[in-house]
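Chemist: Quick one: the structure is below, questions incoming.
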Amino acid sequence: MRALLLVLVATTALATPRPARDTADVGNRGSYSVGIFNPLRIAFHNRFELQANPLLFFVAPHLDARFAILKPPVAEGQLPMGVRLTAEAGLLMPTFGMRLMKGFFFPTWATSPNDIGFMLIPRVGLLASGDFFTNDVLTVRIDGALRIPLGPNNATPMNSFLAPLEILFAAPLTGFCGRLGGAYDHAFGDRLRLRGEVNLYVTGQQGNLEVEGQNLGPVAAISPFIFTAHLGLDIAVFQYSRITVGALFANYDQGATQVTTRADGFSERTRVRSNNILPTLDFIWAGF
Amino acid sequence: MTLRRYHATAMRKLLLLVPLLASCEWVADPMNFTREEVPRYKANAEHPAPVANPIGLKVMAWNVKYGACRVDFWFDFWGDRVQLTEAETTDCLTKVAALIKEYDPDIFMAEEIEVDSKRSAYIDQVRFLLENTNLQYATFDETWNARYVPSEGVGRITLGNAIFSRYPITKAERIRQVDRTDQDGLTATFYIKRAIGRAEINLGDRTVAAYVVHTEAYDFDGTKQKQIKQVYDVLQEETMPWVIGGDFNELPPVCDEKAEAGTPESCEGKLRLAGFIDERASSKGTEYEQPPYTPSVMKPFYDDYEPSIPLARYGIGETAQQPFFTHTVLGPDGVNDEGVPGRWNRTLDYLFIRKGETWASTDVLQEPGRLGIVGDPSRLSDHAPVVGTWVLP
């Protein structure tokens, strides 16, 4: 805590708050940002930037391109204002990374040729951002990712205890992941930003169990809807960087049941949705 | 507030957050209980009423292998499946229920039965058997409850033992067994926590106690032996008429495994202790290697309780004992690396009652025709049901 205070005190005086994150804003040419968990973003043009996550890139090669469709001119040192509209398109090849998880999140398949198949995951999205008050940003987004199989695949959805993992692997394992989300980002002075975000994800079906080339039929059904809400605080440090802290809530179906006792003393087991509450933390160097 | 007190308060708040990190549900239930009551369940379907004030009870104990029938899972080493489809599970459970209905027990002890596990398609198997047999009441004691087992993609698992009854179960509880000590902390966290299940069953004119057990299979630290001794001790304290059934993961005490070859107590030629036809070489050195059997640990049960198959009937040597074998990892449709088809090759499952009481019509339901059954148990689980009629004292 003392170290954090020291960093804050050492921060140079700021004329404007940090820009809001995860919006439709595309940086001006040459701008960039990178976090430990947040992606590396580099603007190659005032209306075009590329992003990739350095932690995942070498095990799950991927690249996202962002194109600013509507981008009002931004004066030097000022934050974007007005309605911004940005299209996103990306491509992911997750197989190598998923195969590294064999034995833990996926079977080893020691006695058969079964394996996680090669696949491509294209993604497209559209984001719109606008200002309500000075330095506040409202963002709505819609995106979707699909699986294009490049061969046989024996992996089935994880149904894991972490909703973010389910979302990350939804398209590779269920064939589809769509999202409709919105976020509101409010600046408290020059140093703090509070961000609230909600998302509704729809995944594909759980799919069929393929064993050694044989389709054995559908695995158990799980609700395809995942709801998340995130509340985060960005704390400006140094000249351009920030520390982000927050909490993520997720509600999803993980196959859980709950036992309730009836009036006659006997019990019933009913299916319930599971909840996650997870801390989020990152340091983002530079920024847009 | 001093800085130290501030830090202590902050730490307490952080610790309070820990269980919330993955919601209010344990990632893996540590099962911190010694003895506790567990829920009772009742069939929604109406079943034929049992005989009032019975003089005997038909009893069945069966490890039902979570409704997987003869699908070879990864820890069997004959296959590498980690989950079943919904249709596979319901097809298997339908056949299991049909066999139970054929024998039509008054009390049925089930081991390895699951309620919301990914590998068995999240099907409530206790409810399935309640609705599809003549058993009206049940209790389920969880022995493995993990929100996610991060091994081979096993995922969510809720496995346990169940006691089903045609007569009302008035009280149900589980008694915690000792844990293994030969596992690292992470493995132990996500591993099975064994427990003894107990149910009080009201027969009208009296109440009896039924027990179900499933002791450890893979330990090398003497855990199974301690658990079997604990089961013995629990039965010693029981005041009601009782019956126990289950998978003890141990061989009958035909001999003493510690005795020198050539001595009268030696197991040589009397009981196979190792080298079973269903043990695959690739299992050696893994955490699922078969540990050495110690049949002598079962001797107190045969000395002080009444087994459904006494040693005199069990016989000496494999040929005599074969009709009473209850387990094979390898099913009849598979062959081992030497080309030998799978067959029942050892006895691990038992029924006992108090010494001096009487069994009638006991058997191991290995194949169609045994006690007139039509179903084929060898294709329904890796264990065979042990059955008998307990003549009530």
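The values are calculated or read from the model by the stated rules, or taken from the named source; none is laboratory data. Just so it is clear, the structure is predicted and the values come from calculations on it, not from any experiment. For neighbour counting, all protein chains shown are included, and Cβ atoms are generated from backbone atoms with ideal geometry for every residue, glycine included.
Chemist: Against the conditions (1) out of contact with any Asp or Glu (no Cβ under 9 Å at 6 or more places or on another chain); (2) assigned to a loop (DSSP other than H, G, I, E, B), where does B:ALA259 fall short? Just the number, please.
Modeler: Result: B:ALA259 passes all but (1).
Chemist: Answer yes or no as to whether B:LEU129 is part of a loop (DSSP other than H, G, I, E, B), modelled with pLDDT of 95 or more, buried (at least 24 other Cβ atoms within 10 Å of the Cβ) and touching a helix residue (DSSP H, G or I) at 6+ places or on another chain (Cβ under 8 Å).
Modeler: No: the conditions fail for B:LEU129.
Chemist: How many residues, within the stretch B:63-75, are within 14 Å of another protein chain (Cβ to nearest Cβ) and either part of a helix (DSSP H, G or I) or among the hydrophobic types (A, V, I, L, M, F, W, C) (or both)?
Modeler: 8
Chemist: On to the next question. How many residues are under 15 Å from B:PRO39 (Cβ atoms) and among the polar types (S, T, N, Q) if we restrict to the stretch B:126-153?
Modeler: 3
Chemist: For A:THR95, all conditions in the list (1) crowded, with 18+ Cβ neighbours inside 10 Å; (2) out of contact with any helix residue (DSSP H, G or I) (no Cβ under 9 Å at 6 or more places or on another chain); (3) under 23 Å from A:ILE148 (Cα atoms) hold save one; what is the number of the exception?
Modeler: So A:THR95 meets the others, but not (2).
Chemist: Taking into account only those residues within the stretch A:176-191 that are at pLDDT below 95 and surrounded by fewer than 16 Cβ atoms within 10 Å (Cβ to Cβ), which is nearest to A:ARG242 (Cα to Cα)?
Modeler: Per the criteria, the residue is A:ASP190.
Chemist: What's the total number of residues in the stretch B:158-173 that are within 16 Å of A:GLY255 (Cα to Cα) and at the interface with chain A (Cβ under 10 Å from one of its Cβ atoms)?
Modeler: Matching residues across the stretch B:158-173 total 1.
Let's see how each residue does on (1) among the polar types (S, T, N, Q); (2) on the phi > 0 side of the Ramachandran plot:
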{"position": "B:ALA261", "(1), (2)": "no, no"}
{"position": "B:GLU265", "(1), (2)": "no, no"}
{"position": "B:GLY275", "(1), (2)": "no, yes"}
{"position": "B:ASP278", "(1), (2)": "no, no"}
{"position": "B:THR286", "(1), (2)": "yes, no"}
{"position": "B:PRO291", "(1), (2)": "no, no"}
{"position": "B:THR294", "(1), (2)": "yes, no"}
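Chemist: Also: Within the stretch A:219-258, work out how many residues are in contact with a Gly (Cβ under 9 Å, 6 or more places away or on another chain), outside any strand (DSSP E or B) and in contact (Cβ under 8 Å) with a residue 40 or more places away in the chain.
Modeler: 6
Chemist: If I filter the stretch B:104-118 for residues that are on the phi > 0 side of the Ramachandran plot, within 13 Å of chain A (Cβ to nearest Cβ) and modelled with pLDDT of 95 or more, do I get at least one hit?
Modeler: Checked against the condition, which is being on the phi > 0 side of the Ramachandran plot, within 13 Å of chain A (Cβ to nearest Cβ) and modelled with pLDDT of 95 or more, the stretch B:104-118 yields no hits at all.
Chemist: While we're on this one: Please count how many residues of the stretch B:362-393 are surrounded by 18 or more Cβ atoms within 10 Å (Cβ to Cβ) and in contact with a Pro (Cβ under 8 Å, 6 or more places away or on another chain). Walk me through how you get there before you give the answer.
Modeler: Our first condition is that a residue be surrounded by 18 or more Cβ atoms within 10 Å (Cβ to Cβ); within the stretch B:362-393, this holds for B:362-366, B:373, B:375, B:377-378, B:380-390, B:392.
Still in the list and also in contact with a Pro (Cβ under 8 Å, 6 or more places away or on another chain): B:364-366, B:375, B:377-378, B:384-385, B:387, B:392.
Count: 10.
Chemist: Related question: Hey, could you check the stretch B:69-87 for residues that are of a type outside the set (Val, Ile, Thr) and touching a helix residue (DSSP H, G or I) at 6+ places or on another chain (Cβ under 8 Å) and say which is nearest to B:GLN290 (Cα to Cα)?
Modeler: Here the answer is B:PHE77.
Chemist: Say whether the condition of being touching a His at 6+ places or on another chain (Cβ under 8 Å), in contact (Cβ under 8 Å) with a residue 60 or more places away in the chain, buried (at least 17 other Cβ atoms within 10 Å of the Cβ) and in a loop (DSSP other than H, G, I, E, B) is met by at least one residue in the stretch B:234-246.
Modeler: No, that holds for no residue.
Chemist: Considering only residues that are surrounded by fewer than 17 Cβ atoms within 10 Å (Cβ to Cβ) and among the small types (Gly, Ala, Ser), look in the stretch A:208-223 and name the one that is farthest from the other protein chains (Cβ to nearest Cβ).
Modeler: Looking at residues that are surrounded by fewer than 17 Cβ atoms within 10 Å (Cβ to Cβ) and among the small types (Gly, Ala, Ser), I get A:GLY213.
Chemist: Kindly establish whether B:ARG180 is buried (at least 23 other Cβ atoms within 10 Å of the Cβ) and either of a type in the set (D, E, K, R) or more than 10 Å from chain A (Cβ to nearest Cβ) (or both).
Modeler: Working: buried (at least 23 other Cβ atoms within 10 Å of the Cβ): no; either of a type in the set (D, E, K, R) or more than 10 Å from chain A (Cβ to nearest Cβ) (or both): yes.
So B:ARG180 does not fit the description; no.
Chemist: Has the stretch A:264-287 got any residue that is among the acidic types (Asp, Glu), away from every other protein chain (no Cβ under 13 Å) and under 16 Å from the mean Cα position of the chain (by Cα)?
Modeler: At the first step, the residues of the stretch A:264-287 found to be among the acidic types (Asp, Glu) are A:264, A:268, A:282.
Those still in the list that are away from every other protein chain (no Cβ under 13 Å) too: A:282.
Then keep just the ones that are under 16 Å from the mean Cα position of the chain (by Cα); that gives A:282.
Yes, there is a match, as at least one residue in the stretch A:264-287 is among the acidic types (Asp, Glu), away from every other protein chain (no Cβ under 13 Å) and under 16 Å from the mean Cα position of the chain (by Cα).
Chemist: Same structure again: Residue by residue through the stretch A:24-43, note down the ones that are surrounded by fewer than 21 Cβ atoms within 10 Å (Cβ to Cβ) and among the basic types (Lys, Arg).
Modeler: Passing the criteria: only A:ARG29.
Chemist: If you go through the stretch B:132-153 one residue at a time, do you hit one that is more than 18 Å from B:PHE190 (Cα to Cα), surrounded by fewer than 24 Cβ atoms within 10 Å (Cβ to Cβ) and either without any contact (Cβ under 8 Å) to a residue 60 or more places away in the chain or more than 13 Å from chain A (Cβ to nearest Cβ) (or both)?
Modeler: For the stretch B:132-153, residues more than 18 Å from B:PHE190 (Cα to Cα), surrounded by fewer than 24 Cβ atoms within 10 Å (Cβ to Cβ) and either without any contact (Cβ under 8 Å) to a residue 60 or more places away in the chain or more than 13 Å from chain A (Cβ to nearest Cβ) (or both): present.
Chemist: If you scan the stretch B:334-358, which residues turn out to be surrounded by 20 or more Cβ atoms within 10 Å (Cβ to Cβ) and more than 25 Å from B:LYS270 (Cα to Cα)?
Modeler: Of everything in the stretch B:334-358, just one residue is surrounded by 20 or more Cβ atoms within 10 Å (Cβ to Cβ) and more than 25 Å from B:LYS270 (Cα to Cα), namely B:ILE353.
Chemist: Please enumerate the residues belonging to the stretch B:23-62 that are in contact with a helix residue (DSSP H, G or I) (Cβ under 9 Å, 6 or more places away or on another chain), within 12 Å of chain A (Cβ to nearest Cβ), in a strand (DSSP E or B) and at pLDDT 95 or above.
Modeler: B:TYR41, B:LYS42
Chemist: Go through the stretch B:267-348 and tell me which helices (runs of 4 or more DSSP H), entirely inside it, have 3 or more residues that are over 24 Å from B:VAL231 (Cα atoms).
Modeler: Once the helices (runs of 4 or more DSSP H) in the stretch B:267-348 are filtered for at least 3 residues that are over 24 Å from B:VAL231 (Cα atoms), what remains is B:318-321.
Chemist: In the stretch A:196-217, what residues are in a loop (DSSP other than H, G, I, E, B) and either over 30 Å from A:THR23 (Cα atoms) or of a type in the set (A, V, I, L, M) (or both)?
Modeler: In the first step, residues of the stretch A:196-217 are kept if they are in a loop (DSSP other than H, G, I, E, B); the result is A:204-207, A:212-213.
A:GLN206, A:GLY207, A:GLU212, A:GLY213 - these are the residues of the stretch A:196-217 that are in a loop (DSSP other than H, G, I, E, B) and either over 30 Å from A:THR23 (Cα atoms) or of a type in the set (A, V, I, L, M) (or both).
Chemist: Suppose the filter is more than 25 Å from B:ALA146 (Cα to Cα), away from chain A (no Cβ under 14 Å), buried (at least 21 other Cβ atoms within 10 Å of the Cβ) and of a type in the set (A, V, I, L, M); does B:ILE228 pass it?
Modeler: no
Chemist: Which condition number does B:GLY285 fail, the rest of (1) at pLDDT 95 or above; (2) surrounded by fewer than 19 Cβ atoms within 10 Å (Cβ to Cβ) being met?
Modeler: Answer for B:GLY285: the failing condition is (1).
Chemist: Need the failing condition index for B:ILE100 against (1) crowded, with 23+ Cβ neighbours inside 10 Å; (2) within 14 Å of chain A (Cβ to nearest Cβ), just the number.
Modeler: (2)
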